[in-house]
Amino acid sequence: MTGATIWLTGLPSAGKTTIAYELAGRLREEGHRVEVLDGDEIREFLSAGLGFSREDRHTNVQRIGFVAELLASNGVKALVPVIAPYEDSREAVRKRHTSEGTPYVEVHVATPVDVCSVRDVKGLYAKQAAGEISGLTGVDDPYDEPRNPDLRIESHTQTVQESAAQLHALLTERGLL
Ligand SMILES: Nc1ncnc2c1ncn2[C@@H]1O[C@H](COP(=O)(O)OS(=O)(=O)O)[C@@H](OP(=O)(O)O)[C@H]1O
Ligand SMILES: Nc1ncnc2c1ncn2[C@@H]1O[C@H](COP(=O)(O)OP(=O)(O)O)[C@@H](O)[C@H]1O
């Protein structure tokens, strides 16, 4: 079975996690082996103790990239809904995959910040606006927009199912399903 890492990058509340689980369900039904490396879970265990400085985010992304590559090289579709705000961090993960000959797909969940801040699933945008937190990605912390992603999903113009179907179609087209 062909493994692959499918990294969904984007702002908080962009829809990364929702799309990843929607696609994971569909892939499992089709008989594929799937893992979702959810950012929040990873930060509880594998990256416990890391914060949101540039250095810590880079370390977090490299650790997740390492695990995703291990899974992907063993036939698993590793879905990774993690912000990964820095281009150099994402490129290092891509390079690791390329050097191991493991398929890697970068998906930019390109929901505009004004839509994300209305969704505000975890209340972080409200907290930032109230001055309770700082360093929120896309507001007062950097987000390097992917310049050449394998796919850009406009989650604000379509349903979750349509977004997942768009990604499913790309994986089929790439011969990964
Ligand atoms: N300051 C700040 N900036 C961004 N995000 C924050 C912050 N503080 C907490 N959170 C929550 O932590 C989740 C981001 O963790 P990630 O591991 O995906 O991010 S990163 O790639 O290491 O930047 C992210 O999850 P998602 O909303 O699923 O993206 C946030 O809910
Ligand atoms: N097309 C869409 N794709 C993904 N999420 C969507 C879409 N339309 C609305 N949403 C909603 O936006 C929110 C996205 O939250 P979440 O997936 O946790 O974002 P993230 O993981 O990027 O922080 C969810 O409440 C989801 O139901």
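Cβ-Cβ distances below 7 Å connect the following pairs, each with a first residue in the stretch 37-52 that is more than 23 Å from Ile19 (Cα to Cα), a second residue that is part of a loop (DSSP other than H, G, I, E, B), and a separation of six or more residues or different chains: Phe52/Gly135. All but one of (1) within 15 Å of ligand 1 (Cβ to nearest atom); (2) closer than 30 Å to Glu29 by Cβ; (3) assigned to a helix (DSSP H, G or I); (4) among the aliphatic types (A, V, I, L, M) hold for Leu70, so report the exception by its number. Failing condition for Leu70: (1). Glu55 meets all of the listed conditions (1) touching a strand residue (DSSP E or B) at 6+ places or on another chain (Cβ under 9 Å); (2) free of Cβ contacts under 8 Å to residues at least 60 places away in the same chain; (3) among the charged types (D, E, K, R) but one, namely (1).
Residue-wise test of (1) touching a residue at least 60 places away in the same chain (Cβ under 8 Å); (2) more than 15 Å from the chain's Cα centre (by Cα); (3) within 20 Å of Glu69 (Cβ to Cβ).
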{"position": "Ala110", "(1), (2), (3)": "yes, no, no"}
{"position": "Asp114", "(1), (2), (3)": "no, yes, no"}
{"position": "Val118", "(1), (2), (3)": "no, yes, no"}
{"position": "Lys122", "(1), (2), (3)": "yes, yes, no"}
{"position": "Tyr125", "(1), (2), (3)": "yes, yes, no"}
{"position": "Thr137", "(1), (2), (3)": "yes, no, no"}
{"position": "Pro146", "(1), (2), (3)": "yes, no, yes"}
{"position": "Asp150", "(1), (2), (3)": "no, no, yes"}
{"position": "Thr159", "(1), (2), (3)": "no, yes, no"}
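The residue of the stretch 118-134 that is nearest to Tyr86 (Cα to Cα), among those that are more than 16 Å from ligand 2 (Cβ to nearest atom) and in a loop (DSSP other than H, G, I, E, B), is Ser134. Residue-level check: of (1) within 16 Å of ligand 2 (Cβ to nearest atom); (2) in a helix (DSSP H, G or I); (3) under 18 Å from Leu23 (Cα atoms), Arg152 misses just (2). Considered as a group, the residues in the stretch 1-26 that are in a strand (DSSP E or B) and of a type in the set (S, T, N, Q) include one that is nearest to ligand 2 (Cβ to nearest atom), and that residue is Thr9.
Quick note: the coordinates plus some simple rules give every number you see, no bench work behind them. Everything quoted here is computed from the prediction, not taken from an experiment. Glycine also receives a Cβ, built like all others from the backbone with ideal geometry; neighbour counts cover every protein chain displayed.
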